[in-house]
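Heads up: the structure comes next, in structure tokens.
The values are calculated or read from the model by the stated rules, or taken from the named source; none is laboratory data. This structure is a prediction, so every number in the text was calculated from the model and none was measured. FYI the Cβ positions are ideal-geometry reconstructions off the backbone, even for glycines, and counts take in every protein chain you see. We work out accessible area using only protein heavy atoms, side chains counted, and drop any ligands, DNA or RNA first. Shrake-Rupley method; radii C 1.70, N 1.55, O 1.52, S 1.80 Å.
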Amino acid sequence: MANQTGVAAKPKRSQGVWAASWRRLRADKVGMGAMVVVILSLLLVLAAGLGLVAGNWQKETGVPNAPPTFIGPMPAEASGAIAQPKGPNVDLSDIDPLAPKYAEWAEKAKQYKTDEAPRAETLPFGGDRLGRDVLAKAIKGAEISIMVGLLAALVATVIGTVLGALSGFYGGKVGDFLEWVYNVFTAMPNILLIFAFAVVFGRGVMPVVMILGLAGWTGIYRLVRAEFMKHSVREYVRSAEAIGASKSSRMFKHILPNVSHVALVQLSLHVVSFIKSEVILSYLGLGVSVDQVSWGTMLAEAQSELILGYWWQLAAVTGFMAVFVTAFALFTDALRDALDPKLRGLE
């Protein structure tokens with residue numbers, strides 16, 4: 001088709017898959033808002049990992065169980081402080097032969113006495129039983145819990161995608177063997193499988209990542225296997241085979257890009273699931289080590305504090321976890337709709 005100058009007009013290129021998906025995602029206001037919250041949370045986690053924020057979460061900056069600032073300091077009788085006796089000291093020299101030495105020993109002890117920094121009576125979000133800032137603990141706990149959820153979801157997605165691709169593309173004995181492995185892992189309840197791996201791997205961040213990754217790949221495997229079985233007989237794959245493309249090229253260069261939205265959506269879904277699993281493991285004492293803090297360890301501490309009426313640690317960790325998990329779930333729903341337009345009837 002020619003324009004007014006007689007030069008043939010250049011045909012307009014259609015949008016690519018990722019450009020069209022981004023256009024659909026931008027049209028979802030709730031999804032975009034949730035994405036902003038997720039990005040801000042990840043930036044906060046990155047800052048905590050670099051030590052820019054919450055680096056002194058272990059420092060006892062306040063009095064034990066310091067209340068939030070908007071509540072105000074606790075009364076002396078509620079804080080459990082021991083009242084000092086009033087009046088002059090009693091002369092014990094007649095009944096205690098060591099009484100004359102007390103003053104000399106006290107003077108010598110002053111040479112080795114260290115001055116303790118004054119502790120705040122209130123903290124922005126309150127303090128725990130040792131006087132550590134609950135806000136700093138919640139931020140540092142977010143770093144551990146979110147990092148574990150992301151890494152474990154990535155491990156599970158890689159395992160499930162690779163095994164699903166091999167089983168769906170090759171079939172035969174390879175598919176039968178991988179189906180047997182899949183049935184072994186799904187034969188027992190998932191929570192019991194996680195506990196069994198926890199006993200074997202022990203506590204720590206990387207052990208928890210491996211535990212959740214090895215226990216959570218089965219759902220991704222099933223979906224990817226079905227997609228590879230469907231795409232392996234389509235015309236574009238047969239055409240690639242006819243021109244001499246290798247099996248690995250057909251699997252990972254032709255089929256995988258067309259089913260990547262399935263793996264990506266499953267990855268985002270597993271992040272939320274694995275964060276919850278890490279919280280449960282740490283709450284039960286099977287998660288991170290004792291010198292680390294996560295949302296699960298904070299919930300375990302808050303349980304005993306709540307009985308005494310100190311609710312602020314529970315409120316802080318619950319608020320942080322609810323905001324991130326809810327935002328990530330909404331973002332996952334929007335991402336699923338954007339990557340798979342058939343769910344919304346757009347294509």
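The table below gives the values:
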{"read-out": "Residues within region 221-243 that are of a type in the set (A, V, I, L, M, F, W, C) and touching a Ser or Thr at 6+ places or on another chain (Cβ under 6 Å), tallied", "value": "1"}
{"read-out": "Selection count, region 284-301, where residues are under 19 Å from ASN190 (Cα atoms), within 14 Å of the chain's Cα centre (by Cα) and open to solvent by 10 Å² or more (accessible area, probe 1.4 Å)", "value": "0"}
{"read-out": "Qualifying position, being on the phi < 0 side of the Ramachandran plot, of a type in the set (Val, Ile, Thr) and out of contact with any Ser or Thr (no Cβ under 9 Å at 6 or more places or on another chain), among THR218, THR157, THR186", "value": "THR157"}
{"read-out": "Subset of region 302-329 [open to solvent by 30 Å² or more (accessible area, probe 1.4 Å), part of a helix (DSSP H, G or I) and either modelled with pLDDT under 90 or more than 27 Å from LEU150 (Cβ to Cβ) (or both)]", "value": "GLN303, SER304, LEU306, ILE307, ALA329"}
